[in-house]
Each structure stands twice: as C-alpha cells, then as structure tokens.
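Here is the structure we will look at, set down as structure tokens.
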Amino acid sequence: MVNWHDKFAERTTYMKRSTIREILKLTQMPDVISFAGGLPAPELFPLERVREAFRAVVEHYGPQALQYSTTEGINELRDWVAARMSRSGLTITRENVLIVSGAQQAIDLVGRVLLDDGDLLALENPTYLGMLLAWRPYNLRYAVIPTDRDGLLVDRLDKALIRRPKLMYLVPNFQNPQGVTLSWERREQLVECLAEYGAVVIEDNPYGELRYSGSDIPSLYEFDASFRGSHSLDGHVIYAGTFSKILAPGLRLGWVVAPTAVIDKLVQAKQSADLQSGTFAQYLAYEVCRDGFIEGHIERLRAVYRRRRDLMLAAMDRHFPEEARWSRPEGGLFLMVSLPEFMDTSELLKEAIRHRVAFVPGQDFHVEGGYNTFRLNFSNAQPDMIEEGIRRLGQLLKEQVRQPV
Ligand SMILES: Cc1ncc(COP(=O)(O)O)c(C=O)c1O
C-alpha cells in the first residue's frame, strides 16, 4: 500500500478542510434547525427564467455555447459586468473584467499572482474563512486591523500599513461572518491611506446588493477613483463580484474588475487553473440577467431576506440572555453573536445539536481569539423555523451563560 502522506507536497501541510463544511454534515440531520450554512434560499432561485434562458442559449448560440471559449470570459457577459460597474463617473471596459468560477476563484487567483511565501497580509479579524483557507499554503503573516460596528477601525490602519503589507483583504459590505459594513467616512479615509502607502486591497463584495435597510454606499474602487480624480480603473483596488448570492451559487460564476495589468496576470493564472469558466453557464447567466431581469430579482430577494433578518433579530431580542451581544446587519446573510469570555462556542455547539439547533462557532473566522463568538445565517430558514430555532438557542444560552464551568 502507498503511504500517500509521504508523497504529498510540503505546502499541503498548511491545507485543511473548511470546518463549516464539516459542521454542515452534522447539521443535516432532519430535525436540526440549522443557522450554520451560508446558503441562499433555494425557493427563490428563478427557475422559470432559467428554463427560458436555457432554451434561448441553445437556440441562439447553438454549438458555440458548448465549445471552449476564451479565458477572459464571453464578451457578452464581460460587457454586461463592465456596464453595470461603470458608476461614479468611472468607465470600466471589457478589458478590466475577468469572468471567474465564483469569488472563491478570484481569491485563489489573486493569491497566486500577488502573494509570496511568508508575505504580510492586512486583514480584518474576524474575516472570511474561505480566504484564510485558500491562502494558508503561503504561510502568511497577518497585520490584523480591529473592527467595530462600522467595520475596520481606520485609525488603526497606519499601524498596519506602515509594516508594508503586500495586500489587504476586505469584505466592506455585510461582512461574512459579522454582518458589519464599512462606513462612508471610513471608506474615504481608507482610500487616502492606500494612496499614501501605495497599498493595494482586494474588495470582496458578494453581499453588497443585498441591502435591507440604510443607504447604499459606493464601492472602494469608486472611492479610490474619485479620490484620485480618475475616470478609469487604474488604482489600488481589485474587486471581486459573484452571481452566487444574486442568482445561484451552483452556476459557479463571478467576476474580477481590476486594472488591465492585474487582469492580464490573472488570465495567465486562470489559464493553468481551469482554462476558462464554463461557456454554457456564462451564456446562461447573461441570458438570465440581461434586460433588467436581475434588478427585479434582487428586489425580490431583498424583500424576503429583510423579513427573515427582522424576524431573527426580534426573536433574539425576546429569547437571548442579556449577557449575549450581537450585530444588527443592514444586509447580507449573517450576523454574529458574542458571549461572555468564559464560554467556548465549539463546546456549546455540541449541546446545541442536542437541542436540535446549529450555528457555526466563531473561532475559525478569527486569526486570533473569537472562541466565545458564533455566526448565524438568516437567509436559508423559513420564518417559523427562525422563531423556533432562536427559542431553542436562547434557552440553551440562558442555561449555559449562568453556570460557568
Ligand atoms: C466573503 C465571501 N467571499 C467569497 C465567497 C465565495 O463565493 P462564490 O460562491 O462566488 O465563490 C463567499 C461565499 O460565501 C463569501 O462569503
């Protein structure tokens, strides 16, 4: 028998499975109410529109839709993305757009072209687990920037940027896992700092269009261009977008918008990763989204998710003990709960599963601390499940929070 462990490459020692994906297996027991996943609500997938688009793709594009296509992505979709993202007086062109297999691939490719082993990464704590896992093989060092309810504390940025990080990673809107959003003023300050230090940031924005309250705030790439008085995309921001939360994650499609020098390098990396994202999926996404359909669809998503967020927050107000604290996101899919420091939410999860309710313990989203936090998802549970699940969780928390071990 081959001992494969002797054969694996050195870098694989830094790889590990996503704990969330492992927890999800546990929570799929039939009577467990799970707030653990990060899934969009499947009942809201626009099946009828997809069916029509499917036919249109076959009829319109025929064999071309089943053929290899360019690494950059099909022109129809790149133009659509470019037009949609040309805002705040900025003109984004097809050359600024790379179609990728989800924002996760954008993260992976950006890592391949920008990160060397042992590089310094500036990041929020907690942050997106999928990024931490993707970049683990680079054995990075972290310049951690603390956050509060308005996102990262910009007055701590100097301390991080003075160390000259290679890259900064941010989820400015309804962050996964905390649900917090970087305020308008802080975005202005951030782009000033980027210019001062010549620093670059990847703006990962899967949730930006899912706002349920408050006013929209422009993206970092828009702030960056307006700070530099530029009408083209030649600044400090690499933007990652995705169809996963506004259309369907199973299509595995997203996009990168960046200066052309970055796109050129990412294309080289993507060529060796997977040649291209699926031609058929790209035509399908284009047919579904074009002529404004997607804007109406996003409105429908917002209405349903807003209600679920409100129900969850109201149920938490009723059932959770006063020792617990939680974020009140203005959009997205998640919120985060903090418990007194003596509590360990990985242990709590075992009890929670016995009470037939589940969440994701917070530690893995953190590069330091976080063992007393957990993440809740509100998009993928029916209203009556939200009330009952939060009631069960509140009961457990009340028992546990008052009996330190
Ligand atoms: C912050 C963040 N980035 C990227 C992704 C990956 O999204 P995609 O399905 O587009 O690969 C997710 C998915 O949950 C996410 O929360």
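The values are calculated or read from the model by the stated rules, or taken from the named source; none is laboratory data. What you see is a predicted model, and the numbers here were worked out from it, not measured in a lab. Backbone-built Cβ (ideal geometry, glycine too); neighbour counts: all protein chains shown.
Numbers below:
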{"read-out": "Selected residue [of a type in the set (A, V, I, L, M, F, W, C) and under 21 Å from the mean Cα position of the chain (by Cα)] from Met336, Met316", "value": "Met336"}
{"read-out": "Selection count, region 167-206, where residues are of a type in the set (Gly, Ala, Ser) and either at positive phi or assigned to a helix (DSSP H, G or I) (or both)", "value": "3"}
{"read-out": "Hits in region 161-206 - residues which are over 22 Å from Val262 (Cβ atoms) and more than 16 Å from the ligand (Cβ to nearest atom)", "value": "Ile162, Arg163, Ser183, Trp184, Glu185, Arg186, Glu188, Gln189"}
{"read-out": "Index of the failed condition, Ser34 passing every other in (1) surrounded by fewer than 15 Cβ atoms within 10 Å (Cβ to Cβ); (2) in contact with a helix residue (DSSP H, G or I) (Cβ under 6 Å, 6 or more places away or on another chain); (3) outside the structural domain of Ile217 (by TED's automatic domain parsing)", "value": "(1)"}
{"read-out": "Elements of type helices (runs of 4 or more DSSP H) contained in region 1-67, each with 3 or more residues being of a type in the set (D, E, K, R)", "value": "19-27, 47-61"}
{"read-out": "Scan of region 97-122 for residues that are within 12 Å of the ligand (Cβ to nearest atom) and hydrophobic (A, V, I, L, M, F, W, C), ordered by number", "value": "Ile99, Val100, Ala103, Ala106, Ile107, Leu109, Val110"}
{"read-out": "Identity of the residue in region 207-245, assigned to a loop (DSSP other than H, G, I, E, B) and of a type in the set (Phe, Trp, Tyr), that ends up farthest from the ligand (Cβ to nearest atom)", "value": "Tyr212"}
{"read-out": "Residues of region 37-80 satisfying the condition of being in contact with an Asp or Glu (Cβ under 7 Å, 6 or more places away or on another chain) and crowded, with 20+ Cβ neighbours inside 10 Å", "value": "Ala53, Val57, Arg78"}
{"read-out": "Answer from Leu253, Leu311, Leu275, Leu266 - the residue that is within 26 Å of Phe54 (Cβ to Cβ) and touching a helix residue (DSSP H, G or I) at 6+ places or on another chain (Cβ under 7 Å)", "value": "Leu253"}
